[in-house]
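Trainee: Shown below is the structure under consideration.
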Amino acid sequence: MFYAYYIFIYGFLFLFGAAIGSFLNVCIYRLPLEESLIKRASHCMSCGEKIRHRDLIPIVSWIFLRGKCHSCGAPISPRYMIVELLNAVLYVLTGMWFGVVEAPIHVMLICLLLSALIVVFFMDWDTQLINNAVVFFIFLLGVAEYFFSDYHLNELTLRNQIIGFFAVSVPLLLIVLLSKERAMGMGDALLMAAGGFFLGWKAALVALFFALISASVVGLFLKYRTGLSKFAFGPFLSLGIAISAFFGNELISAYLSLITVK
Ligand SMILES: [Zn+2]
């Protein structure tokens, strides 16, 4: 009985995550085009044919169609399936890490945060633009986290969150202004303001740390392989915020105990 209960909960989280992942695909492709998210039914990018209901099942449909449009046979990017699968897996991991039963509200807020970060990640990678509405959504999640978080290890205070809002975003803002948006965009600073407000300042610093490390590694790789030296920073900030949402406070505590205990 006990196991059946957990299989049910995580099964539900997976399916729910896949369904939301499907919506994230719509956001990633339509937000940059300023198309309505709900008005037009999903359609093939090549022939414009409306996608049949039975081909709209997350993950499964892409596999059954073998990555091709039913109507014209044009290849459908595996990224649709990857986004759905990624979101589904992250929902399950979030539930396991924080405890669905112990901290349901915190789990829900982190799940929504990760979904928003997935949108920022892929949209910024494609277009080098970070959508303000998505960033504002992350900020609202931070407000909800302050009022409703039920996670016992959360030492978030309003002061902690407000410092988090400025701790990373202000230095980034200075870089944006000094480099005249060449090194970084305004969207990056705003993303770290919203993310920092959600995480609190300690975890915000951890997020920046991971963003810088991952951006350096990928940047070096891209420069070496393709000669490309300009790429979006937002995906790495998103990655940093996501990692920090899970481990940020633990890493800071471990680091502090390392340097204070002799
Ligand atoms: Zn087609």
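The values are calculated or read from the model by the stated rules, or taken from the named source; none is laboratory data. What you see is a predicted model, and the numbers here were worked out from it, not measured in a lab. Don't worry about glycine lacking a Cβ; one is built from the backbone with ideal geometry, like all the others, and counts go over all protein chains shown.
Trainee: I'd like to check something: does the stretch 229-242 contain any residue that is free of Cβ contacts under 8 Å to residues at least 12 places away in the same chain, in contact with a helix residue (DSSP H, G or I) (Cβ under 9 Å, 6 or more places away or on another chain) and hydrophobic (A, V, I, L, M, F, W, C)?
Mentor: no
Here is a yes/no grid of residues against (1) within 30 Å of residue 50 (Cβ to Cβ); (2) of a type outside the set (S, T, N, Q); (3) modelled with pLDDT under 95:
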{"residue": "76", "(1), (2), (3)": "yes, yes, yes"}
{"residue": "88", "(1), (2), (3)": "yes, yes, no"}
{"residue": "109", "(1), (2), (3)": "no, yes, no"}
{"residue": "119", "(1), (2), (3)": "yes, yes, no"}
{"residue": "139", "(1), (2), (3)": "no, yes, no"}
{"residue": "152", "(1), (2), (3)": "no, yes, yes"}
{"residue": "171", "(1), (2), (3)": "no, yes, no"}
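Trainee: Quick check, is residue 78 more than 18 Å from the chain's Cα centre (by Cα) and under 30 Å from residue 190 (Cβ atoms)? Reasoning before the result, please.
Mentor: Values: more than 18 Å from the chain's Cα centre (by Cα): yes; under 30 Å from residue 190 (Cβ atoms): no.
Against the criterion (more than 18 Å from the chain's Cα centre (by Cα) and under 30 Å from residue 190 (Cβ atoms)), residue 78 does not qualify.
Trainee: Looking at 219, 240, 248, can you tell me which residue is in contact with a Ser or Thr (Cβ under 9 Å, 6 or more places away or on another chain) and surrounded by 19 or more Cβ atoms within 10 Å (Cβ to Cβ)?
Mentor: 240
Trainee: Restricting attention to the stretch 79-94, does a residue exist that is within 16 Å of the ligand (Cβ to nearest atom) and either of a type outside the set (Gly, Ala, Ser) or in a helix (DSSP H, G or I) (or both)? If you could, list the steps in order and put the result at the bottom.
Mentor: Going residue by residue through the stretch 79-94, those that are within 16 Å of the ligand (Cβ to nearest atom) are 80.
After this cut, where a residue has to be either of a type outside the set (Gly, Ala, Ser) or in a helix (DSSP H, G or I) (or both) as well, the list is 80.
Checked against the condition, which is being within 16 Å of the ligand (Cβ to nearest atom) and either of a type outside the set (Gly, Ala, Ser) or in a helix (DSSP H, G or I) (or both), the stretch 79-94 yields at least one hit.
Trainee: Here's something else I'd like to know. Which of the residues that make up the stretch 60-76 are small (Gly, Ala, Ser), surrounded by 13 or more Cβ atoms within 10 Å (Cβ to Cβ) and within 11 Å of the ligand (Cβ to nearest atom)?
Mentor: 71, 74, listed by residue number.
Trainee: Regarding residue 36, is this residue assigned to a loop (DSSP other than H, G, I, E, B), within 14 Å of the ligand (Cβ to nearest atom), within 24 Å of residue 120 (Cβ to Cβ) and under 23 Å from the mean Cα position of the chain (by Cα)?
Mentor: Numbers: assigned to a loop (DSSP other than H, G, I, E, B): yes; within 14 Å of the ligand (Cβ to nearest atom): no; within 24 Å of residue 120 (Cβ to Cβ): yes; under 23 Å from the mean Cα position of the chain (by Cα): yes.
So residue 36 fails the test.
Trainee: Take the residues in the stretch 49-59 that are assigned to a helix (DSSP H, G or I) and within 22 Å of residue 27 (Cβ to Cβ); name whichever of them is farthest from the ligand (Cβ to nearest atom).
Mentor: Filtering the stretch 49-59 for residues that are assigned to a helix (DSSP H, G or I) and within 22 Å of residue 27 (Cβ to Cβ), the one farthest from the ligand (Cβ to nearest atom) comes out as 53.
Trainee: Mind listing whichever residues of the stretch 1-59 are more than 26 Å from residue 70 (Cβ to Cβ) and surrounded by fewer than 11 Cβ atoms within 10 Å (Cβ to Cβ)?
Mentor: Once the filter is applied, which keeps residues that are more than 26 Å from residue 70 (Cβ to Cβ) and surrounded by fewer than 11 Cβ atoms within 10 Å (Cβ to Cβ), the stretch 1-59 yields 1, 2, 3, 4, 5, 7, 8, 34.
Trainee: Quick check on this structure: which one of 56, 65 is among the hydrophobic types (A, V, I, L, M, F, W, C), closer than 20 Å to residue 15 by Cα and touching a Ser or Thr at 6+ places or on another chain (Cβ under 7 Å)?
Mentor: 56
Trainee: Right, something else. Being more than 22 Å from residue 248 (Cα to Cα) and crowded, with 16+ Cβ neighbours inside 10 Å is the filter; apply it to the stretch 176-197 and report the residue that is farthest from the chain's Cα centre (by Cα). Talk me through it step by step, then tell me what you get.
Mentor: Here is the first cut: in the stretch 176-197, the ones more than 22 Å from residue 248 (Cα to Cα) are 176-187.
Filter once more, keeping what is crowded, with 16+ Cβ neighbours inside 10 Å: 176, 184-185, 187.
On the way: 176: 22, 184: 19, 185: 18, 187: 15 Å.
Within the stretch 176-197, the match that is farthest from the chain's Cα centre (by Cα) is 176.
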